[in-house]
Structures are given as structure tokens and as C-alpha cells.
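Just below is one structure, and these are the notes that go with it.
Read-outs throughout are calculated quantities, based only on the coordinates presented, and are distinct from any laboratory measurement. Bear in mind that the values here come from a model prediction, so they are computed numbers and not experimental data. Here the Cβ is made from the backbone with ideal geometry for all residues, glycine too, and neighbour counts use every protein chain on show.
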């Protein structure tokens, strides 16, 4: 469907298409709830068949999925900070202070999360060990000076505030003081690997990147895209990154019990593994790492009350960022700095 329907098609802005677009924007909760909706629809058809019941089940199922998407959209809006109305021009010097204050606030939040997290996400050497094959990044680090890093992904990579790419960059900067690490994030909710591949040439042209993080696979699995399509997109993306002279770190799925129970992730993981066997490519096993923390009684965002999820999400990003930094340091055969 994504290939047949252009993203800028005029009919997508019509009222008739609004429910379908809304479900596409919140495909994960819609997919999860559709399993239960389909179960009850099946019960209805077994109880009383016929064309009328079929229409009732189809119409009711569609309405229920639209309702789920609407609730997800409403819940997402509640978590956003409302924008303030335009204010008068700030006094001289005030505008220059806002960015540093914001940076300091985010840095303090990341430090607080990082110091609180060790007991909740103990490092597992077997899960964060990387082969020493990130040669392009290692060469850039040894050369010193600016080292550009590009993070490509979907919703978890696009997270604002304390996000794992930013925490990773700060941790790498501490361990590699001779390099000036600069992070660029190019991510958005709901992007498949093919979507990201389409954006990759323009993104890679912005700077001479030494390291590319590519978080992908979850959307492909949730949407039921063929694993072969994921494998093809990954191989083409890896070729683009190699041609740009950068090392590539793939990042797999975010751990979810419901996702693991209802989607066969194995073919998608195998596609990631095959691409990771290419020179200059490594795979960070985020899913297994997050599952180990949850099973050990540490960080488990699915089990905390809704009110504590933002705080837990910050801790989770801090843990992932530091684990990813250790993984990358192993990939360039540099021991992390101790504190």
C-alpha cells in the first residue's frame, strides 16, 4: 500500500480518508487491539452467520479500530507539553540564554537517569560486546576533530529530552575526549525500513558521517511486511552507508511482551543478522537486552503505572544509551573510561 499510494496524495486529506490515516498513524495499538477485536468478531460469526452478521462484524470491527486509534491519539496529545501563545520579543540576552538552559536541563536529566539506572539495568558483557569492525568510526576517532554521527529510526529514536542516541553520544564523548562528537537525528514515528532507505541518500549528504545508527524492524514486523523486503532495504542501506565512508550499527526491536507473543520476529531478526555479517556493520540486540532487564526485575516499562512511565522511559533511554556506547567502544576496540 505504501508503494502504491503517494504520501502527498490529495485524497488522503479528505474527511473520508481521515479514519484510515488515523489508524495508520497509530498502527501499533490498532494492530494489537485488532487481535482481540477479531476474536470477538469470530465468536459473533460462529454464534449467528449470514450476510447481515458479516456486515455487523465488519462495520463494528472497523469502528472499534478507529476508536482505538482515536484514543491513542488523545492519549498521545495528553503527554505533550502545550505550546504557549506567541509572546512579545524577549529582552536582549534572554534568547541567547534559553538554548544553554535547555541543554543544561536535558543534561541534568540524563545524568540523573544514568546515576539512578545501574541497579535497574546491569550491564551484560555478552549482550553489549561488539566485534572490532567499526573501522571507519575508529579511524575518525583516531584522527581527532569533529566526528559526525547520524541516528536514523522510528519513534523511539525520535524521542525528545533524554533519548538513547543523545545519552550514547555523551557517554562516547566522555570515553573519547580527543574527538568532537556531533549527533544528527533523522527519525519519525511509523517509518519502515524502506521508508528510511528512501530518506537515507539525502540524510547522508548533509555531513561526512563516521557512524550511522539505524534502528529498524519493529514497524516492518507490526505491519506484516515481508521479511525479504526488510532484508533488501537493509542491504541497500548498508551499501549506501559504506559508500559514504561510515560504519553502521543496526538496532533491532524494542522489547514488548505483546509484540513478542503476537508477531513472529525471528524472520525479521534473521534479516538484521544477515546484514550485520557484512563488513563495517554490527547489530545491537536491543530486544534481548531489554528483555533481560525486565526478567531480572529491573526496568520494565510495561509493568509500571501510567503515571511513572515518563520517568521509566527516561531511565530506559539512559540505560540503552550507555549500553550502546559500550557496544560501540567494543567495536572500535577502545576501553570505556572509568569514573
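If you take the residues of segment 186-208 that are touching a helix residue (DSSP H, G or I) at 6+ places or on another chain (Cβ under 8 Å) and closer than 21 Å to residue 282 by Cβ, which of them is surrounded by the most Cβ atoms within 10 Å (Cβ to Cβ)? Only one residue tops the list, namely 193.
Of the helices (runs of 4 or more DSSP H) lying entirely inside segment 239-339, the ones with 2 or more residues being over 30 Å from residue 33 (Cβ atoms) are found at 266-276, 309-331. Looking only at segment 139-156, residues that are closer than 24 Å to residue 279 by Cα and either surrounded by 20 or more Cβ atoms within 10 Å (Cβ to Cβ) or touching a helix residue (DSSP H, G or I) at 6+ places or on another chain (Cβ under 6 Å) (or both) come to 8 in all.
Which residue is surrounded by the fewest Cβ atoms within 10 Å (Cβ to Cβ), if the candidates are limited to segment 274-292 and must be under 14 Å from residue 248 (Cβ atoms), without any contact (Cβ under 8 Å) to a residue 60 or more places away in the chain and more than 15 Å from the chain's Cα centre (by Cα)? Within segment 274-292, the match that is surrounded by the fewest Cβ atoms within 10 Å (Cβ to Cβ) is 277.
Looking across segment 245-262, the residues that are surrounded by fewer than 20 Cβ atoms within 10 Å (Cβ to Cβ) and at negative phi come down to 254, 257, 258, 259, 260, 261, 262.
Counting only residues that are touching a residue at least 12 places away in the same chain (Cβ under 8 Å) and in contact with a strand residue (DSSP E or B) (Cβ under 6 Å, 6 or more places away or on another chain), segment 155-194 holds 14 of them.
Quick grid of which residues meet (1) surrounded by fewer than 21 Cβ atoms within 10 Å (Cβ to Cβ); (2) over 15 Å from residue 157 (Cα atoms); (3) within 15 Å of the chain's Cα centre (by Cα):
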position: 298; (1), (2), (3): yes, yes, no
position: 312; (1), (2), (3): yes, yes, no
position: 321; (1), (2), (3): no, no, yes
position: 331; (1), (2), (3): no, yes, no
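If you check residue 227 against the conditions, is it farther than 22 Å from residue 166 by Cβ, surrounded by fewer than 20 Cβ atoms within 10 Å (Cβ to Cβ), touching a helix residue (DSSP H, G or I) at 6+ places or on another chain (Cβ under 7 Å) and in contact (Cβ under 8 Å) with a residue 40 or more places away in the chain? In short, yes. Against the numbered list (1) within 30 Å of residue 303 (Cβ to Cβ); (2) surrounded by fewer than 24 Cβ atoms within 10 Å (Cβ to Cβ), residue 242 comes up short only at (1).
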